[in-house]
Amino acid sequence: MSHSPRTKRAATVAASAVTALALAVPAAQATPPEPTLRDAAPHDLEIGSAVWGKNELLHHDRKNPRQFQAILGDEFGSLTPENDMKWAELHPEPDVYDFSGADAVVAFAKANGQEVRGHTLLWHSQNPEWVTEASASWTCEEARDVLEDHVRTVVGRYAGEIYEWDVINEVMQDDWDAGGVRLRTEANPFLKACSVDPVGLIGDVFRWAHESDPEALLFMNDYNAEGINTKTDAYYELAQELLADGAPLQGFGAQAHLSLQYGFDDSMQANFERFADLGLKVAVTEADVRMPLGDDGEPTAEQIATQAERYDGLLQACLGVPACTSFTVWGFDDARSWVPGVFPEGYATIMTEDFEKKPAYFALLDGLTDATPGRSPRTPPGLNR
Ligand code: 9MR
């Protein structure tokens with residue numbers, strides 16, 4: 001499947017909607033359809049959302065599933081399976097794969113003319129029990145075999161259907177972890193088994209993925225990776241090492257899980273630029289902006305306004321770098337956000353539980369609308385990047 005030129009939502013959808021409206025009401029009273037994020041986005045930038053295929057597309061676990069799906073299809077040009085392509089979901093037993101959730105996301109995307117970001121192939125979290133148990137005694141050779149089989153099976157199955165893959169996720173420790181910023185050779189079972197040469201293993205994971213789907217852009221991805229800091233310095237070094245070794249690394253993703261408890265790192269665009277200067281694409285892969293809420297569970301007016309500014313700051317850093325190919329929010333409504341389950345914070349997404357658009361939504365819409373050729377450094381339509 002060819003990914004370019006990127007198709008904006010089929011004009012026929014809008015046309016048929018207009019026809020239906022015209023039949024229903026006199027033309028003078030017909031209101032034009034509201035603009036959407038995907039329609040406002042520059043032609044060389046995908047605006048995406050995470051979606052949990054098993055819960056939201058197959059089983060409809062949460063409220064207003066029809067409205068949720070309508071918005072998901074209308075507003076976004078790209079989908080990331082929030083959990084469906086992780087090991088625990090996809091590969092629950094050594095010889096058992098369950099593609100149901102992932103297939104549902106890919107099918108929904110196809111039906112709605114959307115791209116899919118694959119997430120993720122090598123991570124220390126959400127691994128099935130059999131991996132955790134077996135890894136205690138793995139040799140590096142055994143770990144490599146298990147990983148190679150998984151990568152080739154999964155990437156091969158969706159070859160041609162995925163435009164970007166988060167190949168490695170959160171492989172770097174944080175400042176505050178024991179040992180500081182360095183590869184997670186303890187928490188990640190595969191890197192642990194191959195701790196003698198973890199970079200060699202990572203390079204091979206990129207090679208296996210590339211051989212299985214030569215069209216997909218292959219990314220490294222992490223949180224706390226927005227600005228220039230010790231963690232992104234380590235990624236910058238890792239990227240150079242992998243590229244020098246000929247590994248098909250093609251992108252750097254900053255997750256962008258922000259909280260209003262902390263400031264905004266103004267070095268984000270400069271960080272993206274240094275990775276772009278290495279020849280990589282860059283992306284905002286999991287944006288949300290959470291905040292501590294009052295006793296009534298509500299944000300203040302000031303928090304709501306600051307949240308909109310933060311979303312805009314993330315978007316502008318991406319828009320300012322032509323190599324930024326996608327901007328994905330980690331879910332678009334508060335009812336489905338991962339945040340309240342994990343933090344005593346909330347209100348992290350761009351729409352309320354009832355799909356009311358927040359100022360953060362309009363900040364994104366305005367930012368995308370303004371990013372037309374001539375008013376931003378993005379490539380004019382028709383020119384190859
Ligand atoms: O949103 C995901 C949530 O439903 C899962 O329970 C959680 C498990 O770790 O993973 C969440 O997604 C994470 C993503 O895969 C990687 N970056 C951090 C995201 C939020 O935790």
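Based on DSSP H segments of at least four residues, each scored -39500 (n - 2.57), the chain has a per-residue ellipticity at 222 nm of -11500 deg cm²/dmol.
In the chain, a dipole from Cβ-located charges (positive for Lys and Arg, negative for Asp and Glu) runs towards its positive end, and of Ile202, Gly251, Asn127 it is Gly251 whose Cα lies farthest in that direction. Using θ = phi - 60° in the Karplus curve 6.51 cos²θ - 1.76 cosθ + 1.60, the 3J(HN,Hα) couplings for the range 186-194 round to 10, 6, 8, x, 6, 5, 5, 5, 10 Hz; x is entered for Gly and Pro.
For Val321, no residue has an amide H sitting under 5 Å from its own, ignoring neighbours fewer than 5 places away on the same chain, with H placed 1.01 Å from N. Length gained on full extension, Tyr262 to Ala134: 42.2 nm, using 0.36 nm per residue less the C-alpha separation. Dipole check for the chain: with +1 at the C-beta of Lys and Arg, -1 at the C-beta of Asp and Glu, and the Cα centre as origin, the magnitude is about 1300 Debye. The amide H of Arg62, built 1.01 Å from its N in the peptide plane, has no neighbour under 5 Å, considering only residues 5 or more places off or on other chains. So if each residue of separation counts as 0.36 nm, and I subtract the Cα-Cα distance between Ala301 and Glu356, what length gain in nm does that give? Length gained, Ala301 through Glu356: 18.3 nm.
Quick one: net charge around Gly294, please, counting Lys, Arg +1 and Asp, Glu -1 for every other residue with C-beta under 15 Å from its C-beta. For residues surrounding Gly294, the net value is -4. Phi-derived couplings, Karplus 6.51 cos²θ - 1.76 cosθ + 1.60 at θ = phi - 60°, listed residue by residue for the range 267-273: 8, 4, 5, 4, 5, 4, 4 Hz, with x used for Gly and Pro. In this rough spin-label picture, where each label sits 7 Å from Cα along the Cβ direction, the Glu186-Asp277 distance is 3.4 nm.
For Lys281, the amide hydrogen comes within under 5 Å of the amide hydrogens of Gly251, Phe252, counting only partners 5 or more places away or on other chains and with H modelled in the peptide plane.
Here the simple spin-label model places points 7 Å from the Cα toward Cβ, and for Asp197 and Ala107 these points are separated by 4.3 nm. Cα-Cα over 32 Å: which of Lys63/Lys281; Lys63/Lys86; Lys86/Lys358; Lys86/Lys357; Lys110/Lys358? Beyond 32 Å: Lys63/Lys281. Normalised per residue, the accessible area of the chain is 42 Å², obtained with a 1.4 Å probe and no contribution from ligands, DNA or RNA. With both labels modelled 7 Å from their Cα along Cα-to-Cβ, the Asp95 to Phe343 distance reads 4.4 nm. Simple rule: put +1 on each Lys or Arg Cβ and -1 on each Asp or Glu Cβ in the chain, find the dipole, and look at Val339, Val329, Ala193; the Cα lying farthest toward the positive end is Val329. Carbon-plus-sulfur accessible fraction, the chain (probe radius 1.4 Å, protein heavy atoms only): 53%.
Computed 3J(HN,Hα) for the range 306-319, one whole-Hz value per residue from the Karplus formula 6.51 cos²θ - 1.76 cosθ + 1.60 where θ = phi - 60°, is 5, 4, 4, 4, 5, 4, 5, x, 5, 5, 5, 4, 6, 4, glycine and proline marked x.
The values are calculated or read from the model by the stated rules, or taken from the named source; none is laboratory data. As the structure is a prediction and not an experimental result, all values here were calculated from the model. Glycine also receives a Cβ, built like all others from the backbone with ideal geometry; neighbour counts cover every protein chain displayed. To get the accessible areas, we keep the full protein, side chains included, count just its heavy atoms, and leave off ligands, DNA and RNA. Shrake-Rupley method; radii C 1.70, N 1.55, O 1.52, S 1.80 Å.
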